[in-house]
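The structure appears below as structure tokens.
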Amino acid sequence: MEQVEILTSPIKSESDKKEYRLIKLQNGLKVLLIKSVESETEQIAAAALTISIGSFHESTSINGLAHFLEHCLFLGSENYPNAKEFSNFIFTNGGFMNAKTTNEFTSYYLSIFEELFDEALDRFVDMITKPLLPKDSILLELEAVDLEFQMTLNKNESREKIIFQKLFQESHPASKLNYGNLETLKENISEDELHAAVLQFFKKYVANKMFLCLQSHKSLEEMQQMVIEKFGKIKKEEEENFMNEFEVDKIMKPNYYEKILHVKPLKAAKRLKLSWILPQQISNDSKPLKYFEKIFDNNCIGGIVNWLKENNLVTNFYVEPQFNGYNDYNRQFCIFTLLSEIIDYGMKNIEKVLDAIFSYLLFLKETPIETHKKLFEQFKRQSEIDFRFIEEEETLKNVANIAQNNLYYKDIDILRKSSSAEFNEQEIADVINRLNEMRFVITITDSDHDNYSKIEKYSDIEYDLIDMPESYKTLWKNRRINEEFSLPLENPFEPTDFDIKINAEESQKFPKKILEDSKFEVWHKLDDKFNLPKAMINIEFMLGNHLDTIENFLFFEIYKSAVNFQIQKKLSQALVSGFKFDMKTSSTGIIFKFSGFSDKLELFIDMFFRKFTNVAKVMTEDTFKMILKIEKKKIVDKILNLTDLFDDFRKKFLLNKWHTQYDLYKILESATCEKIQNFIPSIFEKLKMKILAQGNITKNDVIKIVKILDWSFGNELQDEELENKPRAFQFPLNINNILRLKSPSKNDDNSLIAICYQIGQMTLQGINLGRFFENYFCAKAFDILRTQQQLGYDVKTTLEVNSGTLSFVIYVVSLENKHNFIDVHKKIVECTNKILTDINHLTDEEVEKLKKNRLKVFQSDDFTLKEEISRNWKTVKRGHYMFEKQEIYANVTAKLTKEDFIYFGNSFLKSDKQRSLSIQIIGNKNDQNAIKSDEIILEYISEKYEDDENVIIDIEEFQKNLYLYPSLKVLE
């Protein structure tokens, strides 16, 4: 037999210039080889290995074994026994690696610069085939698995999933806690038994259960030979079904659909879910769940989403995304879930919500199958267009997705996925009929339930399981079709012109300024690289000081939510056709980003701004109240997210103009519909616009869009009114500044401990040294704080750039009951000092290696139009106009010396040079003094724990006498 069998390659998009080869080795390992498009710049290579073994394949009573094994594989291998050697090799060479475990598969993936790919694969295959799995080391990894589990409990969807598992038959693996934690992996299990179980489970990792995907600039022949040599020796086992099969109707406990689950949220939420257990859909050629997902998610007039929103019952309604192996990614069954995010009025009128959903399901059933076919074909046309002109994906993401697709699609369809779907009347009708059977589970997440009578064993989640009320059953029995329901059968935004526009004068290397006057500054570049019939346009409305006050800032945030609400409804068909928009408030105004097929982009932008300028005028009191609920939820979600809360307060300390989400929360109720209606027109009376347009769009096309904006909005600002950028404070020298506050999440044990080291005002050399330093520090800090000390699952180091200043940040998210915040802070300081010592002893060879990897970053090409316009937009927005920034940075980096690097590190980390701020958000699980309320209250901790601490509880008082750095426009 030949060493490899050449299989039929997958169908690829006509815009995809990569080469593909699908092969199968003698041991049964299937491999997709991808040759990247030729490029003169430095490129990334990547590999992903998906093994069709997951938590459903655990045959023992040890829950979480599959996930635990995933962690343990990184603890050293036969030829690379050092536990941190593989990760250090990847990260210090500018690469990335990770893994994940689901119900039915486990994936491992890495990316690295091309010249190191061969060496990285040696380590990768050694890890997969010859892991040491030493008992002492894997026992230490239990902490990491438990930390990961505890972090998932912050998400309501994770809490709901854990409780939903109670409805599965105990004999089915879906009833088990597939994450694993300290209890499931240690309870009634000796260390020797756990070690033996890990070794036994690893035996399931066989070649004929694997799919490998490689992407590289090497030829297909070179990659094929590489795969044979490195992966050809992986053992093969006879075909064996490692997972017991269950009939779909016997997976759940008897009469499961007659129950209602009430789950107590950790974070404020009101959610209603209806979940159907359906047969697996993988083998269905029509991919019916994709069809129904598009119907339910469509915000158009006549749809269920729009009706529920218009009646002020929900803030959002959608089909819940595939979560951890359910839905399409499951070869036994799938769970189809309709999720409503409900406001108070909706929860009080939950039967009205249910009645509408029941009515819409009946409407779908009574809709003629010919109508479903017509809509299916419309969705299919759009799906085919999207695949035909699919954008290039970042290499690592590309191989990781393809390696998973192999498990659930035919070989020829692993690239095009559901765009290959063909209408099948029987399959569509079968799903419709099943959704119209009263065999669904209702899950309600709401803190107002009267009695949470149960506590889940491993997570301490409070919940209740009650019989479905008779009134709900009566609603279902008596349901009628709402005459307002309809399906969107025509789409004026469906693109038809896909011609690529060619004009050498407009396709220069960098964007060119095509218009500048007192109102507009317009930049443009016609694409000649990506060759897709798509375009992107970024627009900034520079508003002077209109958004300086917190009230005005809040009013505009609410207005953005109102605009988003209206656009989702009025332009839903454009969104279905792939057009996208985004609105963000910047330090100087508002930034809009539009993208989509160039054929109808002008129409989309025209319609958008027609709606945008009219929203305040047509806003009713009822609509305003619902929008206020949406805005409150957005604000609360950000406050309750530890990393968002930390970054918000970091900027509050640093900048002279910054409104935190908590600041907005405190004045939210002061907003009224009338105030917003009076305020909004005033901010557009005078403004200046910066515009950057790139892609398949000509200069004349851009000028037409400029005319739309000129017609829609008022007069220009004076230049002096634009100089309103925030400025950064300089932190005091050698003072141990600390802000401590209790986590606003009730009964949450997660703490975030961070130290921000201020570097100073940005220079070309400084920002390059900072990025240099960030890469060096990241791997070492992760190794010390995560791998060795197991302080937390989330350890991050970042270089922050704000208002022309640089800061270096290191933070750890840990569990307070395991690692006290004082100890974590001390260990971060010790880690920093240890790494600074390493920096002071760097050799010339080490610095040259770091420089080499950094230079490769500057030599890498943009993968997508989105990346290119993002890079160009930063320099247009900031007024630098350094389009050749990559080349400039490369030149600066090439000249850096070891002495520069050492001096830089010492300039802000050495004890007598530090300008630092520590922000500590302390978990409060089991804290009897924690305020019990649905309202968000941030409690500052004023107590000193060390003599040298300067504990801050008043930020404005702290800032009073601090030096303000000047506003920085051009890097010197």
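The values are calculated or read from the model by the stated rules, or taken from the named source; none is laboratory data. This is a predicted model, so every value here is computed, not measured. So basically every Cβ, Gly included, is an ideal-geometry build from the backbone, and we count neighbours across all protein chains shown. Just so you know, the surface numbers come from the protein's heavy atoms only, side chains and all, with ligands and any DNA or RNA stripped out. Shrake-Rupley method; radii C 1.70, N 1.55, O 1.52, S 1.80 Å.
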Measure off 7 Å from each Cα along the Cα-to-Cβ vector at Asn950 and Asn833, then give the distance between these two points in nanometres to one decimal.
2.1
Summing Lys, Arg as +1 and Asp, Glu as -1, what charge do residues with Cβ under 11 Å from the Cβ of Met607 carry, Met607 excluded?
+2
Nonlocal amide H pairs with Asp794, under 5 Å, H built at 1.01 Å
Val813
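If Rh is defined by the Kirkwood formula over all Cα pairs and Rg also comes from Cα, what ratio Rg/Rh do you get for the stretch 740-871? Working shown, then result.
Details: Rg = 17.2 Å, Rh = 16.8 Å.
My calculation of the ratio gives 1.02.
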Charge dipole (the chain, unit charges on Cβ, about Cα centre) - positive-most of Thr797, Asn63, His195
Thr797
For Asn316, list long-range residues whose amide hydrogen, built 1.01 Å from N in the peptide plane, is under 5 Å from its own amide hydrogen.
Glu341
First check a/c for the stretch 16-115, with a ≥ b ≥ c the square roots of the eigenvalues of its C-alpha gyration tensor; if it is under 1.5, answer rounded, and if not, answer prolate when a/b is larger than b/c or oblate otherwise.
oblate
Which value in Å is the Kirkwood Rh of the stretch 842-972 over different Cα pairs?
20.4
Determine, for each peptide in 679-685, 272-278, the mean count of other beta carbons within 10 angstrom over its residues, then list the peptides with the highest first.
272-278, 679-685
Along each principal axis, Cα extent of the stretch 818-918, largest first, Å:
46, 34, 26
If I compute solvent accessible area with a 1.4 Å probe over the protein chains, what percent of it on the stretch 748-906 is carbon and sulfur?
50
Within the set Lys397/Lys834; Lys780/Lys851; Lys580/Lys634, which residue pairs have Cα atoms separated by over 24 Å?
Lys397/Lys834
With a ≥ b ≥ c the root eigenvalues of the C-alpha gyration tensor of the stretch 164-205, is it rounded (a/c under 1.5), prolate (a/b larger than b/c) or oblate?
oblate
May I ask you to work out the translational diffusion coefficient for the stretch 110-185 at 25 °C, viscosity 0.890 mPa s, via Stokes-Einstein with Rh from the Kirkwood sum over Cα pairs, reported in whole µm²/s?
157
Under unit Cβ charges (Lys, Arg +1; Asp, Glu -1), what dipole magnitude, rounded to 20 debye, does the chain have relative to its Cα centre?
1160
Kirkwood Rh, Cα atoms: Rg over Rh of the stretch 554-598
1.02
At 0.36 nm per residue, minus the direct Cα-Cα distance, what do Gln200 and Ser911 gain on full extension? Give it in nm, one decimal, please.
250.9 nm
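So what is the 222 nm mean residue ellipticity for the chain from helices alone, if each DSSP H run of at least 4 adds -39500 (n - 2.57) and you divide by all residues, rounding to the nearest 500 deg cm²/dmol?
Helix contribution divided over all residues of the chain: -12000 deg cm²/dmol.
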Answer label for mean projected area of the Cα convex hull in nm² (calculated), chosen among (1) 134.0; (2) 56.7; (3) 38.8:
(3)
Take peptides 728-741, 247-260, 700-713 and line them up by average Cβ neighbours within 10 Å, highest first, as a rough protection proxy.
728-741, 700-713, 247-260
Percentage relative contact order, the chain, counting C-alpha pairs under 8 Å, at least six apart:
13
Neighbours of Asp794 by Cβ distance under 10 Å: Lys/Arg at +1, Asp/Glu at -1, summed charge +1
Can you give the Kirkwood hydrodynamic radius for the stretch 605-722, in Å, rounded to one decimal and based on Cα pairs?
17.6
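Less than 9 Å Cβ to Cβ from Phe379, Lys/Arg counted +1 and Asp/Glu -1: what total charge do the surrounding residues give?
Overall, the nearby charge balance is +3.
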Hey, got the Cα dimensions of the stretch 674-823 along the principal axes, in Å, largest first?
61, 45, 37
So, with points 7 Å from each Cα along the Cβ direction, the Ile941-Asn700 label distance in nm works out to 6.6
Using only Cα atoms, locate the centre of the stretch 636-706 and the centre of the stretch 536-552, then give the distance between them in Å, rounded to an integer.
6
In vacuo Debye scattering of the stretch 269-407, one point per C-alpha: log10 I(q)/I(0) at q = 0.08, 0.19 Å⁻¹?
-0.27, -1.26
Along each of its three principal axes, how wide is the spread of alpha-carbon positions in the stretch 5-49, in whole angstrom units, largest first?
36, 23, 14
accessible surface per residue for the chain, probe 1.4 Å, DNA/RNA/ligands not counted, whole Å² -> 41
Note on the stretch 60-117: C-alpha Rg/Rh, Kirkwood Rh, two decimals, gives 1.05
In the stretch 14-173, what is the count of Lys pairs whose alpha carbons are under 17 Å apart, counting only pairs at least 8 residues apart or on separate chains?
4
Where labels lie 7 Å past Cα in the beta-carbon direction, separation of Glu845 and Glu484 in nm:
7.4
How big is the stretch 435-588 in terms of Cα radius of gyration and Dmax, in angstroms?
26.0, 72
Using 0.36 nm per residue of separation minus the Cα-Cα distance, give me the extension gain between Asp297 and Lys666 in nm, one decimal.
129.5 nm
Length gained if Thr864 through Lys826 is fully extended, taking 0.36 nm per residue and subtracting the Cα-Cα distance, is 9.4 nm
Distance histogram in 10 Å bins (all Cα pairs of the stretch 30-182, percent per bin)
10, 34, 32, 18, 6, 0
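Can you tell me the FRET efficiency between Val801 and Asn188 if r is taken as the Cβ-Cβ distance and R0 is 35 Å, rounded to the nearest 0.05?
The computed FRET efficiency comes out at 0.10.
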With a Förster radius of 56 Å, plug the Cβ-Cβ distance of Asn614 and Ile282 into 1/(1 + (r/R0)^6) and report the FRET value to the nearest 0.05.
0.75
Is the shape of the stretch 644-688 best called rounded, prolate or oblate, per the rule: a/c under 1.5 gives rounded, else a/b larger than b/c gives prolate, else oblate, with a ≥ b ≥ c the square roots of the Cα gyration tensor eigenvalues?
oblate
Over the stretch 81-212, what is the relative contact order in whole percent, taking alpha-carbon pairs under 8 Å and six or more residues apart?
17
